[in-house]
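One structure is given below, encoded as structure tokens.
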Amino acid sequence: MANNEVILSVKDLVVKFSLRGRILKAIREISLDLYKGESLAIVGESGSGKSVFTKTFNGMLDPNGFIEQGSITYYGKDESGINLVDYKTEKEWLNIRGGEIAMVFQDPMTALNPLKTISTQICEAIMLHDRSLSLQQAKLRATEFIRDVGIDDAERRGNQFPHEFSGGMRQRIVIAIAMACNPKILICDEPTTALDVTIQAQILGLLKDLKDKYNLTIVYITHDLGVVAAVADRVAVMYAGDIVEIGGVREVFYNAQHPYTWALLSSLPQLGVKGENLFAIRGTPPNLFNAVKGDAFAPRNPNALQIDFIERPPYFPVPGSDTHKAKTWLLDPRAPKVEPPAVIRTLGGGRDAI
């Protein structure tokens, strides 16, 4: 972490969706502090609530979604903080979206307008948040941002259309559009999913360079633990609409405490043993149309305690750390000693990898 200055604070957030006459509880009483200048990775299976959670930061929930309780306090514009839960209209959100909190989506082809040039699309973002600029001034700034994201011959390339760019270059342009309004927080939703390994590394390197140059706070949404190891300062592990473990990247990789985190790490292909089947998490996530009783991961956890099926665990601090905590009864002083899987215990031998 760059420092201990909180830029965004989430308290007891509950997000629900109305679907075919039923209510789905997608986010279940999440609390989280995001620190200025840090890179936070949010990891978990598909459907765990990662994207829904971050969409509440800039008012991008689907129309059938709503925040039932909690607060999201943003300190980037006002030292006393602004509760983003109070924002209801697009006009209000324009004060935050883009200029304060921007998002990079995972599919650049659908994020870009195929009928407009790259420069035009960047200019639209610039002029939306700074109406004092002329079109010529906006074009000059657009060219600078194209150059910033590592595209050569920026002026000529800005006059081209999205279909004239490769997938990696389109992702760079989406990043340039997000950066065009000088946001303080950048949310990257699976920014490397559709790219090959070499291009992934280039995009992650670009994001790290932009973070340093513009003093960004970055939130990565991913299921790729390799991405987490490459870019994150902290890791929040999400399961069934809740953050079940959070800590520094080394703490979570080398001293994971929640059984779900053990299962995620055990699923890493590089930890597989030749001749043996790769590890797979048994069972399925809970149905969030129904109330979740106890620890949501308990039915899939071979080491579940009886209390896991009865009472939801609070956060327990991990001994020896002020920044690492997990929602598991295994950390209760009264709990029996349960050793993590053998593959997790061997991770500590590769500490220099992160």
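What single numbered condition from (1) of a type in the set (S, T, N, Q); (2) assigned to a helix (DSSP H, G or I); (3) in contact with a Cys (Cβ under 9 Å, 6 or more places away or on another chain) fails to hold for THR110?
(3)
Any chance region 139-150 includes a residue that's without any contact (Cβ under 8 Å) to a residue 24 or more places away in the chain, in the same structural domain as TYR220 (by TED's automatic domain parsing) and of a type in the set (Val, Ile, Thr)?
No - not one qualifying residue is present in region 139-150.
Which ones in region 48-78 are out of contact with any Gly (no Cβ under 9 Å at 6 or more places or on another chain), in a loop (DSSP other than H, G, I, E, B) and either in contact (Cβ under 8 Å) with a residue 40 or more places away in the chain or over 20 Å from ALA102 (Cα atoms) (or both)?
Within region 48-78, PHE57, MET60, LEU61, ASP62, ASN64, GLY76 qualify.
Restricting the search to region 175-187, which residues are surrounded by fewer than 24 Cβ atoms within 10 Å (Cβ to Cβ) and either outside the structural domain of ASN58 (by TED's automatic domain parsing) or more than 21 Å from PHE53 (Cα to Cα) (or both)?
MET179, CYS181, ASN182
If only one of GLU190, GLU155 is touching a helix residue (DSSP H, G or I) at 6+ places or on another chain (Cβ under 8 Å) and either at positive phi or surrounded by fewer than 17 Cβ atoms within 10 Å (Cβ to Cβ) (or both), which one is it?
The conditions single out GLU155.
Considering LYS293, LYS327, LYS337, which residue is basic (Lys, Arg) and closer than 27 Å to SER18 by Cβ?
Answer to the selection: LYS293.
For region 84-95: of the residues being assigned to a loop (DSSP other than H, G, I, E, B) and within 19 Å of LEU13 (Cα to Cα), which is modelled with the lowest pLDDT?
In this case the residue turns out to be LYS88.
The values are calculated or read from the model by the stated rules, or taken from the named source; none is laboratory data. None of these values were measured; they are calculated from a predicted model. Backbone-built Cβ (ideal geometry, glycine too); neighbour counts: all protein chains shown.
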